[in-house]
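Heads up: the structure comes next, in C-alpha cells.
The values are calculated or read from the model by the stated rules, or taken from the named source; none is laboratory data. Since we're looking at a predicted model, the values are computed, not measured. Counting neighbours? That spans all protein chains shown, and the Cβs are built from the backbone with ideal geometry, glycine included. These accessible areas exclude ligands, DNA and RNA; they are computed on the full protein's heavy atoms, side chains included. Shrake-Rupley method; radii C 1.70, N 1.55, O 1.52, S 1.80 Å.
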Amino acid sequence: MFKDLENKVVIITGAGSGIGKSFAENFGKAKSKVVLNYRSDKHDDSLQESVDIIKQAGGDALLVQGDVSKEEDVINLIKQTVNHFGTLDIMINNAGFEKPTPTHEMTLEEWQKVIDINLTGAFIGSREAIKQFRDEDKQGVIINTSSVHDTIPWPNYVHYASSKGGLKLMMETMSMEYAQFGIRINNISPGAIVTEHTKEKFSDPKTRAETLEMIPAKEIGDAQDIANVALFLASDLAHYVHGTTIYVDGGMTNYPAFMGGKG
C-alpha cells in the first residue's frame, strides 16, 4: 500500500519506545531507511529489537543518540543521517515528555523541560529538516506527534498542554510558509493510547472505565493506530494534505459528555 515509502529516508525522534518505536518498525516494514533517535547515553535491547525488525523486513536502520532539546544534537542528527544515507525525505518529531504537577507548585525548571523537549525540540527538528529539503530542492515531509491536549485543557499539565497547543500553531505557520515549495507539514494528535508506558495505568479497571467515558468509540487505541496515520501522511496518498492536524482519538475531541444528553 505504501510502495512509495521504499528507500525513503526517515528520521524518528524518541524512537526507543511507545509510539516512536511503532513508527520506526512500521516504516521499516515499508522498506524505508529509518534513523532511530534516542535520548539516553546507551541504547537498550528494545532499540536493537527494532533495528532487527526493520532489517528483516527489507529496510535499513541507523541509531543516533541525541537530546532533541539541544540544538547541537538535532543538527548532528540531521548531519549523521545525510552522511550515512545521502539524503533526508521525512522528519518525524515524536520525542515528548510529560509529568503531572499542579500549576501553583510547578517550578520554572519543570515548565522549561517540557517546553524544551515538546515544542522547542520540534521547532529545531523542523527547521533543520526544512534547511535540508531546501538545500536539496526536494519536496520533503514533516510530521509532528502532538496530542488531543493541543485543544483539550488538562489540569496539572499546563506545561504539556501549552507545548502541544504551541506545536499546533507552529505547524500551521510553517506549513503556510513552505507549502509553496512542496514541503508538507502536518500533525498527528493521539488520544488515549496503550503503550508500554501506559499499559499499567489502563489496566486499572477504575482508570480504564473513567477513560472510556471520555471516548465515544468506547475503545482505547494502540500505537499501531498512530503509525497507520503516519504512513499515510508520509506517502504520496497525502500529497495534497498540508497544515492539518489528524486526531486519532476515538472521537475524544468531539464533546463525549453530550452523549448522555437528549439533545
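Residues in the range 27-55 that are in a loop (DSSP other than H, G, I, E, B) and open to solvent by less than 30 Å² (accessible area, probe 1.4 Å): Ala30, Ser32. Taken over the range 207-263, the residue count meeting the criterion of being open to solvent by less than 40 Å² (accessible area, probe 1.4 Å) and small (Gly, Ala, Ser) is 10. Suppose the filter is touching a residue at least 24 places away in the same chain (Cβ under 8 Å), under 19 Å from Lys131 (Cβ atoms), outside any helix (DSSP H, G or I) and β-branched (Val, Ile, Thr); does Ile11 pass it? Here the answer is yes, as Ile11 does meet what is asked. Does Ala24 count as assigned to a loop (DSSP other than H, G, I, E, B) and either hydroxyl-bearing (Ser, Thr, Tyr) or buried (at least 24 other Cβ atoms within 10 Å of the Cβ) (or both)? Criteria not met by Ala24.
Conditions tested, residue by residue: (1) over 14 Å from the mean Cα position of the chain (by Cα); (2) in a helix (DSSP H, G or I); (3) on the phi > 0 side of the Ramachandran plot.
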position: Ile152; (1), (2), (3): yes, no, no
position: Leu169; (1), (2), (3): yes, yes, no
position: Glu172; (1), (2), (3): yes, yes, no
position: Met176; (1), (2), (3): yes, yes, no
position: Glu196; (1), (2), (3): yes, no, no
position: Lys201; (1), (2), (3): yes, yes, no
position: Ile215; (1), (2), (3): yes, no, no
position: Glu219; (1), (2), (3): yes, no, no
position: Leu231; (1), (2), (3): no, yes, no
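Against the list (1) crowded, with 20+ Cβ neighbours inside 10 Å; (2) in contact with a strand residue (DSSP E or B) (Cβ under 6 Å, 6 or more places away or on another chain); (3) of a type outside the set (S, T, N, Q), the condition Tyr157 fails is (2). Taking the listed residues Ile185, Ile246, Ile193, the one that is in contact with a Phe, Trp or Tyr (Cβ under 7 Å, 6 or more places away or on another chain), within 30 Å of Asn7 (Cβ to Cβ) and among the β-branched types (Val, Ile, Thr) is Ile185, with no other qualifying. Return the residue satisfying two criteria in turn: it lies in the range 178-189 and is open to solvent by 10 Å² or more (accessible area, probe 1.4 Å) and not in a loop (DSSP other than H, G, I, E, B), and of such residues it is nearest to Ile11 (Cα to Cα). Applying the filter and picking the extreme gives Arg184.
A quick yes/no check of all residues on (1) part of a helix (DSSP H, G or I); (2) open to solvent by 20 Å² or more (accessible area, probe 1.4 Å); (3) among the small types (Gly, Ala, Ser):
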{"position": "Val74", "(1), (2), (3)": "yes, no, no"}
{"position": "Val82", "(1), (2), (3)": "yes, yes, no"}
{"position": "Leu88", "(1), (2), (3)": "no, no, no"}
{"position": "Gly96", "(1), (2), (3)": "no, yes, yes"}
{"position": "His104", "(1), (2), (3)": "yes, yes, no"}
{"position": "Glu109", "(1), (2), (3)": "yes, yes, no"}
{"position": "Ile124", "(1), (2), (3)": "yes, no, no"}
{"position": "Arg127", "(1), (2), (3)": "yes, yes, no"}
